[in-house]
Amino acid sequence: LIIGLSLFAIGETLLITANLGVSPWTVLAQGISFQFNFSIGISTFIISIIVLLFWYPLKQKPGLGTILNVILISIVIDLSSPILPYPKTFFYQILQSIIAVFIVGLGSGFYLTANLGSGPRDGLMTGLQNLTNQPIALIRTILEVSAVIIGFYLGGIIGLGTLLFAFGIGPAVSISIYFVMKYFK
């Protein structure tokens with residue numbers, strides 16, 4: 001769980017430092033950090049707490065993984081941000097963005113297979129799906145697009161990295177879950 005969450009956060013930070021656009025919820029965290037002068041880690045923590053508040057009416061129950069997700073990802077983003085590379089050329093920005101998506105996928109593989117509680121956004125997704133009986137894909141898409149729109153409005157960065165994440169994270173998580181289940185379970 002801890003390895004997975006740490007890798008997830010490092011991947012997110014690599015996407016941030018590549019400066020080509022970030023994942024949907026990080027667009028929102030960036031926008032909040034720009035508006036309120038918080039670090040992206042603090043903004044991520046605040047978003048996670050707000051999302052958790054929506055769990056109660058949806059009858060979702062947090063686990064150890066949920067709590068560690070909120071705390072650890074925020075801390076690792078802030079601690080790794082000053083020490084990770086900030087590439088200057090487009091080629092290295094693209095390369096770092098691709099690597100970032102794979103690292104987030106690998107972290108997700110470890111985190112998800114630990115089965116110790118869903119992350120705040122995943123719990124919101126499953127809670128809304130249970131409430132509305134709409135397809136998970138529709139619910140997740142609405143949540144992700146909403147995070148991007150609000151984040152962009154607040155000043156978050158959307159770009160090629162956002163597209164790489166959007167199209168690459170599904171396959172990266174799928175491959176990583178297979179890898180983790182085959183070699184670590």
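Just so it is clear, none of the values below were taken in a lab; they were calculated from the coordinates. Because the structure is a prediction, the values reported are computed rather than measured. Reconstructed Cβ throughout: ideal geometry from the backbone, glycine too, with neighbour counts over all protein chains shown.
What to note about this one:
- Applied to the stretch 41-56, the Karplus parametrisation 6.51 cos²θ - 1.76 cosθ + 1.60 on θ = phi - 60° returns per-residue 3J(HN,Hα) values of x, 5, 4, 4, 4, 4, 4, 4, 5, 4, 4, 4, 4, 6, 5, 4 Hz, with x for Gly and Pro.
- Helical contribution to [θ] at 222 nm, DSSP H n ≥ 4, -39,500 (n - 2.57), averaged over the chain, rounded to 500: -26000 deg cm²/dmol
- Length gained when the stretch ILE136-ILE3 is fully extended (0.36 nm per residue, less Cα-Cα span): 45.2 nm
- Aspartates and glutamates whose Cα lies under 20 Å from that of LYS182, excluding same-chain neighbours fewer than 8 positions away: none
- Modelled label reach - ILE49, point 7 Å along Cα→Cβ, the stretch 123-164 residues with backbone N closer than 11 Å: none
- Each 5 Å bin from zero holds the following percent of Cα-Cα pairs in the stretch 61-185: 2, 9, 13, 19, 25, 18, 9, 3, 1, 0.
- Stretch gain in nm, segment PHE167-ASN115, where the contour uses 0.36 nm per residue and the Cα spacing is subtracted: 16.2 nm
- Burial order of peptide ranges 111-122, 137-148 (average beta-carbon count within 10 Å, highest first): 111-122, 137-148
- Residue ranges 51-60, 150-159 sort as 150-159, 51-60 when ordered by packing (mean number of other C-beta atoms within 10 Å per residue, highest first).
- Highest to lowest packing among 64-76, 173-185, scored as the average C-beta count within 10 Å: 64-76, 173-185
- Residues whose amide H falls under 5 Å from that of GLY156, counting only those 5 or more places apart or on a different chain, are GLY31, with hydrogens built in the peptide plane.
- J(HN,Hα) series, the stretch 104-115, from Karplus relation 6.51 cos²θ - 1.76 cosθ + 1.60, nearest Hz, glycine and proline x: 4, x, 5, x, 5, x, 5, 5, 5, 6, 6, 6
- Difference of contour (0.36 nm per residue) and Cα-Cα distance, PHE38 to ILE175: 45.9 nm
- Normalised contact order of the chain, rounded percent, pairs of Cα under 8 Å and 6 or more residues apart: 41 percent
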